[in-house]
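Beneath this line is the structure, given in structure tokens, with notes to follow.
Bear in mind that the values in this text are calculations on the coordinates, not laboratory data. Just so you know, these numbers come straight off a predicted model, no measurement behind them. With ideal geometry, Cβ positions are generated from the backbone for all residues, glycine too; neighbour counts draw on all protein chains shown.
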Amino acid sequence: MLVRTGTARCGDPADPVDLYYEDLGDPSRPAVVLVMGVGAQLPMWPDGFCDLLVRRGFRVIRFDHRDIGLSTKLTGRRADGSVYARVARYAVGRGSPVPYTLVDMAEDVRGLLDHLGIDAAHVIGASMGGMIAQILAGSHPERVRSLGLVMTSPSTAFSSLPRWRVIRLAFDAPGRDAPREARVATEVRNIAIINGPNFLPTDDQLRERVESLTARSDYPQGSLRQFDAILGTGSLVRYARRITAPTVVVHGSKDPMVRIRNGRNLARIIDGARFVVVDGMGHDLPEPVWRPVVEALAENFVGT
């Protein structure tokens, strides 16, 4: 599989960010841009998942968002006030002042397309990436050939909360000065809970994944600012209602992070969207779910 790498200058020209990206497959083929979630570096789109798309005849682009991976870190920037106040506002669909919002991150994706000379792409977003993809498709419909929204939400007021076992993870994080082994063990536990019990990789596989990602970039502050970007943006309904691209919403039946009713609600909001449930899938992309997810996405590409 052909792999090209580079950085794209994106964002506000007065305050730009550089996004690191990988461009996979034949550059003459239709482009698929993969947009990941909070704190998720580009390898969180697994190589095998990307290869399935490349073998179907697509050019696949995955990248690190601002503040994670090998992209620009916005060190020192923070939202003022209590995060609990931002969470309360978000729960009723309202935004808050934050260093950057999902709108800024959607403009980053548009900048990446510009850098690569891609007029329009199939856009696939997972979790927070699905929120960013909604904004991109609603704000710049001419850039989105089709839209795949995976394990994500429209962030409506009073959306269904994550299951308690997921919420509890936020209150059981290791301290800032915790030894590396404690932080790795916590990440392994967190992935196992968010993945759900079905299709769960072994502890050794999860540990290898965490250690590989940590070696590539270890910058938890960026994840916190990305979480604030979600809170700061508020409800996405105004964007979702403007989406005109053919859309499929794909959700796992056992997602403990973004509850399935949020995905179903999103499909209702977007005119003509199709809703596909992957049985047993949680909030992750383990190998057994690659094929059904790719099949749902590829069916949505047809005719665009």
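Side notes on the structure shown:
- Per-residue Karplus couplings for the range 219-229, computed as 6.51 cos²θ - 1.76 cosθ + 1.60 with θ equal to phi - 60°, are listed in order as 9, x, 4, x, 4, 5, 5, 5, 4, 5, 4 Hz, Gly and Pro entered as x.
- Relative contact order computed over the chain (Cα-Cα under 8 Å; 6+ residues apart), in percent: 22 percent
- Relative contact order %, the range 1-141, counting alpha carbon pairs below 8 Å whose residues are six or more apart: 30 percent
- When the chain is treated as a GNM with alpha-carbon contacts under 10 Å, the residue of Ala88, Ala14, Ala120 showing the greatest mean-square fluctuation is Ala14.
- Protection proxy ranking, highest mean first, for peptides 111-117, 295-301, 149-155, 245-251: 149-155, 245-251, 295-301, 111-117, where packing is the per-residue count of other beta-carbon atoms within 10 Å, averaged.
- Whole-angstrom gap from the range 119-140 to the range 11-49, using each part's C-alpha centre: 12 Å
- Bridge orientation summary for the chain: considering DSSP beta bridges with both residues in this region, about 35 percent are antiparallel.
- Result for the chain in a Gaussian network model with C-alpha springs under 10 Å: among Pro179, Pro162, Pro256, the largest mean-square fluctuation is at Pro179.
- Footprinting exposure proxy for Ser82, Ser139, Ser127, Ser96 (fewest neighbouring C-beta atoms within 10 Å first): Ser82, Ser139, Ser96, Ser127
- What the Kirkwood sum gives for the range 44-106 is a hydrodynamic radius of 14.9 Å, with every pair of different alpha carbons counted.
- Cβ-based exposure ranking for His65, His283, in which fewest neighbours within 10 Å come first: His283, His65
- 3J(HN,Hα) from dihedral phi, the range 85-102, Karplus parametrisation 6.51/-1.76/1.60, rounded to Hz, x for glycine, proline: 5, 5, 4, 5, 5, 4, 4, 10, x, 9, x, 8, x, 9, x, 7, 10, 5
- Based on the convex hull around the alpha carbon atoms, the range 2-46 presents an average projected area of 4.1 nm².
- As a size descriptor, the averaged projected area of the C-alpha convex hull of the range 234-304 was calculated at 5.0 nm².
- Thr152 long-range amide H proximity, modeled H, under 5 Å: Ser127
- Quotient of Cα Rg and 2.2 N^0.38 Å for the chain, N being how many residues it contains: 0.93
- At an R0 of 41 angstrom, the distance between the Cβ atoms of Arg29 and Arg207 translates into a FRET efficiency of 0.70.
- Considering only Arg180, Arg59, Arg94, the Gaussian network model of the chain with Cα springs below 10 Å gives its largest mean-square fluctuation to Arg180.
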